[in-house]
Amino acid sequence: MWLLFIIFNKNDIIGTLPNDWKELTNLEGLGLYSNQLVGTIPNDFKELTNILGFFLNDNKLTGTLPNDFK
């Protein structure tokens with residue numbers, strides 16, 4: 001069984017994005033908009049090559065997407 005989507009939009013989640021989510025190589029969708037996430041998007045997220053939707057808006061993230069993120 002694969003985890004294909006993580007969707008926790010508008011849940012007041014506080015903290016940073018876990019770097020170990022890079023292991024979820026089958027992940028196709030990540031929805032975490034309208035939370036209270038801080039920090040940067042981990043550079044290792046570039047390993048999530050199956051991502052079709054990536055929604056992190058309306059958080060307190062800084063920086064840019066990793067250079068190799070496709």
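The values are calculated or read from the model by the stated rules, or taken from the named source; none is laboratory data. Not measured: the values here are computed from a predicted model. For neighbour counting, all protein chains shown are included, and Cβ atoms are generated from backbone atoms with ideal geometry for every residue, glycine included. Each accessible area value is taken on the protein alone, full model and side chains, heavy atoms only, with ligands, DNA and RNA left out. Shrake-Rupley method; radii C 1.70, N 1.55, O 1.52, S 1.80 Å.
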Exercise for review: For segment 15-23, indicate whether the set of residues that are open to solvent by 80 Å² or more (accessible area, probe 1.4 Å) and assigned to a loop (DSSP other than H, G, I, E, B) is non-empty.
Suggested key: yes
Check your understanding: Would segment 25-37 turn up any residue that is within 21 Å of ASP68 (Cβ to Cβ), open to solvent by less than 20 Å² (accessible area, probe 1.4 Å), of a type in the set (Gly, Ala, Ser) and not in a helix (DSSP H, G or I)?
Key -> yes
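From the set of residues in segment 1-45 that are hydroxyl-bearing (Ser, Thr, Tyr) and in contact with a strand residue (DSSP E or B) (Cβ under 6 Å, 6 or more places away or on another chain), which is nearest to ASN57 (Cα to Cα)?
Of everything passing the filter in segment 1-45, TYR33 is nearest to ASN57 (Cα to Cα).
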Check your understanding: Are any residues in segment 38-55 in a loop (DSSP other than H, G, I, E, B) and modelled with pLDDT of 95 or more, and if so, which ones?
Key -> none
Point to revise | Matching residues in segment 56-70 - criterion: being at pLDDT 90 or above and part of a loop (DSSP other than H, G, I, E, B) | key: LEU56, ASN57, ASP58, ASN59, THR62
Practice item. Give me the pairs, please: first residue somewhere in segment 39-56 and hydroxyl-bearing (Ser, Thr, Tyr), second residue anywhere and not in a helix (DSSP H, G or I), beta-carbon distance under 7 Å, and either six or more positions apart or on two chains. Key: THR40/LEU61; THR40/THR62; THR40/GLY63; THR49/LYS70
Check your understanding: Quick one: which of GLY53, GLY63 is on the phi > 0 side of the Ramachandran plot, loosely packed, with under 12 Cβ neighbours inside 10 Å, out of contact with any helix residue (DSSP H, G or I) (no Cβ under 8 Å at 6 or more places or on another chain) and not polar (S, T, N, Q)?
Key -> GLY63
